[in-house]
Ligand SMILES: [Zn+2]
């Protein structure tokens with residue numbers, strides 16, 4: 001049997017997305033160093049934009065007045081926005097959490113802002129997102145049981161206010177499970193959100209510095225509490241080894257800055273793991289990054305040339321490397337979906353783990369959130 005791996009479809013106002021799906025992250029309304037035309041040609045179906053960043057600059061009202069992010073940014077496919085909560089908790093300074101919402105200072109200019117659940121939905125509506133996320137409190141790791149328990153209560157109350165604020169809006173709204181690393185609190189969070197009947201459910205508060213085994217334990221804890229007919233989204237996870245593991249456990253959606261951020265440092269994905277193109281052993285390597293890859297970079301350039309561009313700090317290096325990693329991910333997810341469709345995901349999973357060595361750079365890139 002293929003574990004919990006499953007195929008699905010998410011219908012949005014800008015097209016249907018086949019799952020499992022990986023969303024490249026377009027923090028500022030652009031996936032760094034690549035055009036939307038290339039994303040589309042690479043097989044990317046949905047992108048993520050960060051409400052926090054777009055709210056601060058250029059502002060959600062401006063994006064609304066410019067016809068929404070699809071028109072403003074020239075992307076005609078589905079867009080998912082995060083609520084801004086994660087960035088408020090990770091980037092905002094001097095934040096104060098109250099029942100009404102959270103007050104924080106901008107990381108750009110120190111200006112003071114207030115984000116309520118209702119405002120979080122309004123910002124995402126103004127941006128024009130097809131899938132919006134509820135405002136949640138992302139608790140740090142580790143946190144005490146008492147703090148986490150109170151936070152789950154607050155996240156559930158905020159989720160209800162977000163649902164009320166949706167008010168028939170033409171977008172899907174996902175609830176975000178919290179509960180830290182306490183099984184009973186995770187289950188409580190899942191039950192309270194499922195009761196509110198959201199369009200999908202995200203697992204939040206993970207990838208915050210915990211050991212990987214703790215992450216998967218929390219996924220296993222809640223997965224059966226979530227309805228079968230709604231998408232499940234593991235926020236901020238995106239190494240290929242995380243994706244195959246998540247899919248096997250019944251996760252449908254992933255996002256991460258990893259493929260694009262690593263590309264800019266010369267870390268490129270291949271069928272056998274990651275390589276760093278900066279490595280001196282590629283100086284005269286005439287082969288493509290990945291012989292099996294059909295992307296423009298691999299069809300056109302050698303490892304030696306890509307290495308030359310990177311060490312020469314040529315801007316084209318960002319583009320060509322990003323194009324390869326984005327294509328690699330879209331193709332990887334396509335092959336996962338095909339394997340599930342054929343009923344052979346278990347074989348795919350076994351073959352992947354046998355081949356994948358983690359690459360040459362088992363390095364500092366553990367945090368996956370934008
Ligand atoms: Zn390629």
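Data overview
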read-out: Matching strands (runs of 3 or more DSSP E) fully within region 1-116 where at least 3 residues are touching a strand residue (DSSP E or B) at 6+ places or on another chain (Cβ under 6 Å) and closer than 30 Å to residue 344 by Cβ; value: 8-12, 15-19, 21-26
read-out: Qualifying position, being closer than 30 Å to residue 291 by Cβ and out of contact with any helix residue (DSSP H, G or I) (no Cβ under 8 Å at 6 or more places or on another chain), among 220, 255; value: 255
read-out: Check on residue 273, surrounded by fewer than 22 Cβ atoms within 10 Å (Cβ to Cβ), at pLDDT below 95, away from the ligand (no atom under 14 Å from the Cβ) and under 21 Å from residue 336 (Cα atoms); value: yes
read-out: Sole exception among (1) in contact with a strand residue (DSSP E or B) (Cβ under 9 Å, 6 or more places away or on another chain); (2) modelled with pLDDT under 95 for residue 328, by number; value: (2)
read-out: Leading residue by the ranking (surrounded by the most Cβ atoms within 10 Å (Cβ to Cβ)) among those in region 334-368 that are within 16 Å of the ligand (Cβ to nearest atom) and modelled with pLDDT of 95 or more; value: 334
read-out: Residue that is surrounded by the fewest Cβ atoms within 10 Å (Cβ to Cβ) [pool: residues in region 318-328 that are within 14 Å of the ligand (Cβ to nearest atom) and farther than 19 Å from residue 254 by Cα]; value: 319
read-out: Checking residue 331 against (1) more than 11 Å from the ligand (Cβ to nearest atom); (2) surrounded by fewer than 22 Cβ atoms within 10 Å (Cβ to Cβ), the condition it does not meet; value: (1)
read-out: Residues located in region 276-298, provided they are part of a loop (DSSP other than H, G, I, E, B) and near the ligand (Cβ under 6 Å from one of its atoms); value: 289, 290, 293, 295
read-out: Residue among 231, 170 that alone is in contact (Cβ under 8 Å) with a residue 60 or more places away in the chain and buried (at least 24 other Cβ atoms within 10 Å of the Cβ); value: 231
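The values are calculated or read from the model by the stated rules, or taken from the named source; none is laboratory data. Because the structure is predicted, anything quoted here is derived from the model rather than measured. All Cβ positions, even for glycine, are placed from backbone atoms using ideal geometry, and neighbour counts span all protein chains on display.
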